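S.K.: Here it is, the structure, as structure tokens.
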Amino acid sequence: AKARDALGANLVLAASLNQTASTATLNLRLLDAHSERVMRKGTVECAVSEIGSLAEKASREAASLLQLPNKDVQLSDPEELKSVSPDVYQAYSEAEQLLNQPNHTGLKQAIDKYQHVLDLDPHFALAYARLAIAYIRQFYVGKEPANLDLAGQNAASALRYNPNSAMGQLSQAMLLICQGKPEEALAYFARAQLVDPGNPEIL
């Protein structure tokens, strides 16, 4: 209440530390300053002997709870996927299953599900990349130019939030192919392969 009244805050990040003989655990909660409702929560822990690492871990977790883009640390796609919350991971997995259904039968539902993922986590680069790829597939099915526009917006967002995303590079390459720019596309294919060598989807 003091943060709300004195500072005009609408969000409050609360922290509490629990320590045992061997581990230190920091519990973080993001609260609505008016209702005091817990919107999101997270936990980071470390060995007491490595307690100096807790601050960096807490900073990353706090940025995730606040849905802030982390521009200093670029993650591989698998690393980013591991860092999302369980509800985001679950929704993303459902979108992937829909996207991979044969004959594009789940394509429209996949697009809706990826968009739901991004509503939950607006800085999830991998989801932007997969949504871009879904829109490109939709373009191949219906030949509607609007799908390429949407693919372009999402591919750009993927690379903005994580330039190290192999799927972000791949989605941009696929978009350029659709736009009749194969030479530019080859550069993005090469970057994607460099970031994630041997990925069969990129190959």
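S.K.: Tally up the residues in region 121-148 that are assigned to a helix (DSSP H, G or I) and farther than 17 Å from ALA173 by Cβ, please.
M.R.: 6
Matching residues to (1) under 30 Å from GLY42 (Cα atoms); (2) within 17 Å of the chain's Cα centre (by Cα); (3) surrounded by fewer than 21 Cβ atoms within 10 Å (Cβ to Cβ):
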residue: ALA95; (1), (2), (3): yes, yes, no
residue: LEU98; (1), (2), (3): yes, no, yes
residue: PRO122; (1), (2), (3): yes, yes, yes
residue: ALA132; (1), (2), (3): yes, yes, no
residue: ASN162; (1), (2), (3): yes, yes, no
residue: ALA166; (1), (2), (3): yes, yes, no
residue: LEU170; (1), (2), (3): no, yes, no
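S.K.: In region 105-120, what residues are touching a helix residue (DSSP H, G or I) at 6+ places or on another chain (Cβ under 6 Å) and open to solvent by 30 Å² or more (accessible area, probe 1.4 Å)?
M.R.: GLN109, LYS113, HIS116, LEU120
S.K.: Sticking with this structure for a sec: With modelled with pLDDT of 95 or more and under 21 Å from the mean Cα position of the chain (by Cα) as the only criterion, which of ILE177, ILE136 stands out?
M.R.: Matching residue, one of ILE177, ILE136: ILE136.
Here is a yes/no grid of residues against (1) closer than 30 Å to LEU13 by Cα; (2) touching a Ser or Thr at 6+ places or on another chain (Cβ under 9 Å):
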residue: GLN74; (1), (2): yes, yes
residue: PRO86; (1), (2): yes, no
residue: GLN101; (1), (2): no, no
residue: ASP121; (1), (2): yes, yes
residue: TYR128; (1), (2): yes, yes
residue: ARG137; (1), (2): no, no
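S.K.: Identify, from the list LEU68, LEU126, LEU75, the residue that is at pLDDT 95 or above and of a type in the set (A, V, I, L, M, F, W, C).
M.R.: One residue alone meets the criteria, LEU126.
The values are calculated or read from the model by the stated rules, or taken from the named source; none is laboratory data. Note that the structure is a prediction, hence the values are computed from the model and not measured. In this analysis, Cβ positions are derived from the backbone assuming ideal geometry, glycine residues included, and neighbour counts consider all displayed protein chains. Ligands, DNA and RNA are excluded from the accessible area calculation, which covers all protein heavy atoms including side chains. Shrake-Rupley method; radii C 1.70, N 1.55, O 1.52, S 1.80 Å.
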